[in-house]
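I have placed the structure first, in the form of C-alpha cells, so that the comments after it can refer back to it.
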Amino acid sequence: MVANQRIVFIGDSITQAGKFEDSEQIGYGYVRYIKDYFVINQPEELPIIFNKGINGNRIPDLEQRWEADVLSLCPNLVSISIGINDVWRQLDHPEWKQVTPVRFREIYDRLLEQVTKNTEASIFLMEPTIIEEKMEAEGNILLKDYVEVIHQLAERYSATVVPTHQVFIEYLQKQNHQVLTTDGVHMNSAGNMLMAQTWLKAYNKYMEAKKKTL
C-alpha cells in the first residue's frame, strides 16, 4: 500500500451511515470499521478516506455527482456500493421511474468507463447486500439480476468484486444467526462488521496479488 492512498467509498445510506453527524465525515458504518482497521494495522501508511454515501441514492444519482464526488478527488481506489435503492424503490414506490437491470448496467458502465479514462484508480464493486433478512424475500430475488450485472462489469473493467450479497445470504443460512439490520436494509453493528470484513478480505487478497506482480 502506498502512503496517503486516497480511497473513495461512494453509495447510498448504507455507506453514508451517519457521516454528517461525524466530525471526520466518515460515519459509523462499514467505512468506519475499514478505517479503524487501517488505523490499527498500518498507522504508518494511513489512507485518506472519503465517504461519499448519500441517503436514498440510486445509480442515476451517482452519475449526477460522479465528477465532483469521485473523479475530482483523484482517487487511487474507488469502492462502489449501489443497487439496494434501485430495487427497493420498485417495491415501495412502484409509481417512480424505475432502474431496470438494463438501465442499471448502462449507467454503471458509463461511470466505470470514466474512472478508467480519467484516473488510474483500482475499482472495487460491492454487491448490494439484502432487502429483508429472508432469502426468499421479493427484494432479494430481484437483487440477483443486479448482482449479475456487477459481476459482468467487474470482468469487463478488471475490477474487484466484494461479494457482500453472497456472504449475507450465506450468513442467513447458518443456525443461530444474528440480526444484521435495523429494518431489513440498514445495517446494525453486526451488519456493518460483516460488510467491512468482506471488503477487507477482498482488499487484502487484491493487495497480495498486486505484490506478486511487482
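When the P(r) of the range 41-199 is calculated, the portion above 23 Å amounts to 39% of the C-alpha pairs.
For the range 8-52, trypsin sites (Lys or Arg not before Pro) are listed when DSSP marks them as loop and at most 14 other Cβ atoms sit within 10 Å of their Cβ; the list is empty. What does the charge count around Asp22 come to, taking other residues whose C-beta lies under 12 Å from its C-beta (Lys +1, Arg +1, Asp -1, Glu -1)? Counting the neighbours of Asp22, the net charge comes to +1. Placing a label point 7 Å from the Cα of Ile40 along the Cα-to-Cβ direction, the residues of the range 167-203 whose backbone N falls under 17 Å from that point are 189-203.
Averaging Cα coordinates gives a centre for the range 13-78 and one for the range 146-193; these two points are 18 Å apart.
What range in the chain is the longest one free of GluC sites (Glu not before Pro) that are in a loop by DSSP and have at most 13 other Cβ atoms within 10 angstrom?
137-214
The trypsin sites (Lys or Arg not before Pro) of the range 91-178 meeting both criteria, a DSSP state outside H, G, I, E and B (loop) and at most 14 other C-beta atoms within 10 angstrom of the site's C-beta, are Lys97, Lys134, Lys174. Shown for Lys212, Lys201: other C-beta atoms within 10 Å of each C-beta, ranked fewest to most, produce the order Lys212, Lys201. Counting DSSP beta bridges with both partners in the range 6-213, what percentage is antiparallel, nearest 5? Restricted to the range 6-213, the bridges split so that about 5 percent are antiparallel.
Read-outs: derived from the displayed coordinates by stated rules, not from any lab. Given the structure is predicted, the values throughout are model-derived calculations rather than measurements. Here the Cβ is made from the backbone with ideal geometry for all residues, glycine too, and neighbour counts use every protein chain on show.
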